[in-house]
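Structure first, then comments.
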Amino acid sequence: MTFGEQPAYLRVASDLRRKIVDGRLPPHTRLPSQARIREEYGVSDTVALEARKVLMAEGLVEGRSGSGTYVRERPVPRRVARSGFRPERGATPFRQEQADAGVHGTWESSSEQTEARAAVAERLGIEPGDRVMRTKYLFREAGEPVMLSTSWEPLALTGRTPVMLPEEGPLGGMGVVERMRAIDVIVDNVTEEVGARPGLAEELALLGGVPGHVVLVIQRTYFASGRPVETADVVIPADRYRAAYHLPVK
């Protein structure tokens, strides 16, 4: 293989991908069998199998037990709005953004006290093992899973206060900015770092994806005078949604 030349399985996958994208292999069409790929492209069974694995990992095809591999219906990506916090509104970002978009959103949540892992402790500026309140969310749009979120708040800040449980109490569900203000903590900054990775099995099970699908991961942290007061991982299926940012100009 000369320098810069693709391995055979990637060349085969690339050609099949073009056929899927331009409609020569439309949704629900059976992908050529391994034997057919081997004959058409003059490659080994191993190369044909690896090419099919690439397309499956990209979410372009799916295996059906006892039937073969078929081209998946490609969803048109929809937007999940992201924005700077809006302290005057009072609701959580998801509630705010769903209301702005005129979409009916629902969510499920559960909270529990736990010890901060090293990575979470670093983001919150606390020691590993310090107690935090962890809250897990599953957000839906018109009944369809849209995104997951796991947030952590240091109990040294919120413990034994009315806002210790993010979704319960007098300010339950009101969002980080409003809840922190109630205990005289003024949030004045929020950061989000966006990355992508293969979804974890438990994430894809909740989001309705298949193994190998890529997810967007947004690491969000709220600050008050430079002190982190909440951090969260937001997970969005990359094949169905895009994160759209609306940022105020100061």
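The values are calculated or read from the model by the stated rules, or taken from the named source; none is laboratory data. These numbers were taken from a predicted model, which means no experiment stands behind them. FYI the Cβ positions are ideal-geometry reconstructions off the backbone, even for glycines, and counts take in every protein chain you see. Each accessible area value is taken on the protein alone, full model and side chains, heavy atoms only, with ligands, DNA and RNA left out. Shrake-Rupley method; radii C 1.70, N 1.55, O 1.52, S 1.80 Å.
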Wholly enclosed helices (runs of 4 or more DSSP H) of the range 139-222 bearing at least 1 residues farther than 30 Å from residue 73 by Cβ and modelled with pLDDT of 90 or more: 155-158, 176-182
In the range 182-203, the residues that are surrounded by 14 or more Cβ atoms within 10 Å (Cβ to Cβ) and small (Gly, Ala, Ser): 182, 199
The range 204-223 - residue that is open to solvent by less than 20 Å² (accessible area, probe 1.4 Å) and not aliphatic (A, V, I, L, M) and, of those, nearest to residue 188 (Cα to Cα): 222
Count of residues meeting criterion [in contact with a strand residue (DSSP E or B) (Cβ under 6 Å, 6 or more places away or on another chain) and either hydroxyl-bearing (Ser, Thr, Tyr) or in contact (Cβ under 8 Å) with a residue 40 or more places away in the chain (or both)] in the range 163-197: 12
Subset of the range 51-67 (residues that are surrounded by fewer than 18 Cβ atoms within 10 Å (Cβ to Cβ) and within 12 Å of residue 10 (Cα to Cα)): 53
Every residue from the range 224-250 that is open to solvent by less than 10 Å² (accessible area, probe 1.4 Å), farther than 18 Å from residue 207 by Cα and either aliphatic (A, V, I, L, M) or out of contact with any Asp or Glu (no Cβ under 7 Å at 6 or more places or on another chain) (or both): 229, 231
Pairs where the first residue, in the range 108-137, is without any contact (Cβ under 8 Å) to a residue 12 or more places away in the chain and the second is open to solvent by less than 60 Å² (accessible area, probe 1.4 Å) and in a helix (DSSP H, G or I), C-beta under 7 Å, 6+ apart: 127/121
